[in-house]
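Written out below as structure tokens is the structure these notes cover.
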Amino acid sequence: MSQETLSNLLQENRRFAPPAELAASANVTAQAYQEAERDRLAFWERQAERLSWAKRWDQVLDWSNPPFAKWFVGGQLNVAYNCVDRHVEAGLGDRVAYHWEGEPGDTRTLTYADLQREVAKAANALLELGVRKGDRVAIYLPMIPELPITMLACARIGATHSVVFAGFSSDALRTRIDDAQAKVVVTADGQNRRGKQSPLKATVDEAVQHTPSVERVVVVRRTGQDIAWHDRDIWWHDLVDRQSDQHTAEPHDAEHPLFILYTSGTTGKPKGILHTTGGYLTQVAYTHWAVFDLKPETDVYWCSADIGWVTGHSYIVYGPLANAATSVIYEGTPDTPHRGRWWEIIQKYKVTIFYTAPTAIRTFMKWGEDIPARFDLSSLRVIGSVGEPINPEAYVWYRHHIGADRCPVVDTWWQTETGAIMISPLPGVTEGKPGAAMRPLPGIVADVVDDEGKPVPNGGGGFLVVKEPWPSMLRTIWGDDDRYVKTYWSRFDGLYFAGDGAKKDDDGDLWLLGRVDDVMLVSGHNISTTEVESALVSHPKVAEAAVTGATDPVTGQAIVAFVIPRGEAGEEVDGEEFVAELRDHVAKTLGPIAKPRQIMVVPELPKTRSGKIMRRLLRDVAENRSLGDVTTLTDSSVMDLIAAKLPTAK
Ligand code: 6R9
């Protein structure tokens, strides 16, 4: 990417200092950066001491065979013991681990003592089914307590779990079960989505017809809907309820495989990202405590992600539980039964720390700020964002309408592959800049480099890389070491290539610019989709925008934008005048080079099931091609809605 272009784009000058009170009692101060810089491995060693180890490590990091890392070599611990039992032993058995809220309004409260009993029972149940240390268990469950319970039960006995998001098709499930050679699948009869019940067991039935590795299917009764029954099936309540609630956790090696989580990537078969035990738990525990300034005695923490994604693994299950936090889990969608459901949950449980995604924030902007305004959100003190670059306007909206201009916003950059947060402000230390993820956390060494892998100066742009191994890094791609090396470690010698574009501003702070594949080349200038989208979203009538590059005879690529209008603005704005206004607005904000050739006003945008915009499909539309693979879309009818809009394109 050419540096001068990037540094010229999007001038964002708003700044938000950490609240004095929060800063005064923050878990982490600026000193942490210095400590970690002085001795990175000693820093991580101290963080590992947050955990309870059955055997201490002999070596912090073994990097003798890069890029294959081993952290806390020789150490032994049990993840479930660390997330549950040790808190009960420390007298915290009565503390709530999870306030669970079902979509239909049913609730369940699990204290750490409850969780200990449930996890022990589930561990004994898996053992009865013949699951042993090292075996793989596929989990295809909705957001119900049995999901974290099963994950912890696996961790406890040393079985490696592979959670598959419960919105994926039977095909996607089948390939994931097959790749991991899972022995058992844990699922439910169905799930609640938008007030309706959708089947899960039927999807599993279809998938396991072609997966000989699967011996048993365990079924949680959630909806009570009719399901087909086979010899291999067993009800969760028949199996688990009769188990002993005592189980002694054996320690596992620090490098024992904890879980596989598949990321789809843009091409080829999904990659089974492998995470292991000691380093992973160390970094999720540290980052959850540091980035959210967690005070486990008083905070109520809620991450709205699905546990089927890495955000849910690290920041609903392992991080919060390792820290003995009290969390909320919500089963359903934000608009069921009404569009204020999330704010109602924050009000009800007096949530103090809230972690969500830009896609959700932009949806709430579209629905209008009067909705959150009806609820008492005064309990909040830190709010976070993850999953995509947060547009400055969405950041400011979030800070103002949800955070009451009082709560710091932590924009956290990381990936399934990194396992835990890597780049983020610290709420008591870092001045917030709307749209910037700011700095690598203490103990993380990341930078922005040019084509040749050389660091760019402040003001420059290029590729985000991680320069030193980190504890929660992926260890490989399951069953495919070569692909691991090729995908992440071959672009630049000795550097981890994240696949994201980024820039360093004049202060050296980092701004993430989206996937490198999405960068557009217009008349010889590299322009990031993120910056054009942010410019569009900064227009008061735009809630959401997606931008892609389409082949153009004159400019090489031309910018094509798709926008969703904000709130009530919807009906009034669908005209030539509006489109002209937006093109001018982009030209004014970013410069004439970034002016979109076409802007289409659309009702929805194509998103992956984890809420990321699928620009690849929009490029197909913009270039009049038939659509590529749409299987990871949340709702494929969205593309029909967009296609129907095409004649009005400007
Ligand atoms: C945690 C998660 C990873 C990709 C990543 C990047 C994008 C995530 C971001 C962000 C800008 C942030 N991403 N957080 N981009 N700012 N704060 O989302 O993992 O599903 O593997 O996606 O998401 O492009 O490379 P995963």
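The values are calculated or read from the model by the stated rules, or taken from the named source; none is laboratory data. On a predicted model such as this, the values are computed, not experimentally measured, just so you know. FYI the Cβ positions are ideal-geometry reconstructions off the backbone, even for glycines, and counts take in every protein chain you see. With ligands, DNA and RNA removed, areas are computed over all heavy atoms of the protein, side chains included. Shrake-Rupley method; radii C 1.70, N 1.55, O 1.52, S 1.80 Å.
In the set R222, R176, only one residue is open to solvent by 20 Å² or more (accessible area, probe 1.4 Å), touching a residue at least 12 places away in the same chain (Cβ under 8 Å), of a type in the set (K, R) and in the same structural domain as H338 (by the TED database); that residue is R222. The set of residues from region 347-380 being open to solvent by less than 30 Å² (accessible area, probe 1.4 Å) and of a type in the set (K, R) comprises just one member, R362.
When the residues of region 600-622 are filtered to those that are part of a loop (DSSP other than H, G, I, E, B) and not basic (K, R), the one that is nearest to the ligand (Cβ to nearest atom) is S610.
Only one entry of A587, A558, A543 meets the criterion of being at negative phi, of a type in the set (G, A, S) and surrounded by fewer than 18 Cβ atoms within 10 Å (Cβ to Cβ), and that entry is A587.
Please determine whether any residue of region 627-648 is more than 25 Å from L513 (Cβ to Cβ), of a type in the set (K, R) and either at pLDDT below 90 or within 16 Å of the ligand (Cβ to nearest atom) (or both). Within region 627-648, one or more residues are more than 25 Å from L513 (Cβ to Cβ), of a type in the set (K, R) and either at pLDDT below 90 or within 16 Å of the ligand (Cβ to nearest atom) (or both). Scanning region 516-532 for residues that are within 14 Å of Q557 (Cα to Cα) and open to solvent by 20 Å² or more (accessible area, probe 1.4 Å) turns up D517, D518, V519, L521, S523, G524, H525, N526. Scanning region 456-475 for residues that are within 13 Å of D505 (Cα to Cα) and touching an Asp or Glu at 6+ places or on another chain (Cβ under 6 Å) gives V456, N458, G459, G462. Among the residues of region 381-391, those that are more than 12 Å from the ligand (Cβ to nearest atom) and open to solvent by less than 10 Å² (accessible area, probe 1.4 Å) comprise V382, I383. Within region 423-447, the residues that satisfy the criterion of being over 19 Å from N391 (Cα atoms) and either touching a Phe, Trp or Tyr at 6+ places or on another chain (Cβ under 7 Å) or within 11 Å of the ligand (Cβ to nearest atom) (or both) are P442, G443, I444. Does any residue of region 135-150 turn out to be out of contact with any helix residue (DSSP H, G or I) (no Cβ under 7 Å at 6 or more places or on another chain) and open to solvent by 30 Å² or more (accessible area, probe 1.4 Å)? Looking through region 135-150, at least one residue is out of contact with any helix residue (DSSP H, G or I) (no Cβ under 7 Å at 6 or more places or on another chain) and open to solvent by 30 Å² or more (accessible area, probe 1.4 Å).
Do the conditions hold for D171, that is, is it assigned to a helix (DSSP H, G or I) and open to solvent by 40 Å² or more (accessible area, probe 1.4 Å)? Judged against the criteria, D171 is a match. Looking at this structure, is L513 part of a loop (DSSP other than H, G, I, E, B), within 14 Å of the ligand (Cβ to nearest atom) and either open to solvent by 10 Å² or more (accessible area, probe 1.4 Å) or touching a helix residue (DSSP H, G or I) at 6+ places or on another chain (Cβ under 8 Å) (or both)? No, not satisfied. Being within 24 Å of Y286 (Cα to Cα), under 22 Å from the mean Cα position of the chain (by Cα), at pLDDT 95 or above and open to solvent by less than 10 Å² (accessible area, probe 1.4 Å) holds for only one residue in P434, P427, P440, and it is P427.
Quick check: anything in region 317-335 more than 16 Å from the ligand (Cβ to nearest atom), open to solvent by 10 Å² or more (accessible area, probe 1.4 Å) and on the phi > 0 side of the Ramachandran plot? For region 317-335, residues more than 16 Å from the ligand (Cβ to nearest atom), open to solvent by 10 Å² or more (accessible area, probe 1.4 Å) and on the phi > 0 side of the Ramachandran plot: absent. In region 386-401, the residues that are over 18 Å from V532 (Cα atoms) form Cβ pairs under 6 Å with partners that are hydroxyl-bearing (S, T, Y) and within 11 Å of the ligand (Cβ to nearest atom), at six or more places apart or across chains, as follows: V386/T311; V386/T412. Among the strands (runs of 3 or more DSSP E) confined to region 519-586, the ones with at least 2 residues that are at pLDDT below 90 and not basic (K, R) are located at 525-527.
Within region 235-275, the set of residues being aliphatic (A, V, I, L, M) and either open to solvent by 30 Å² or more (accessible area, probe 1.4 Å) or part of a loop (DSSP other than H, G, I, E, B) (or both) comprises A249, A254. Selection of region 42-57 for residues being open to solvent by less than 30 Å² (accessible area, probe 1.4 Å) and of a type in the set (F, W, Y) yields F43, W44, W57.
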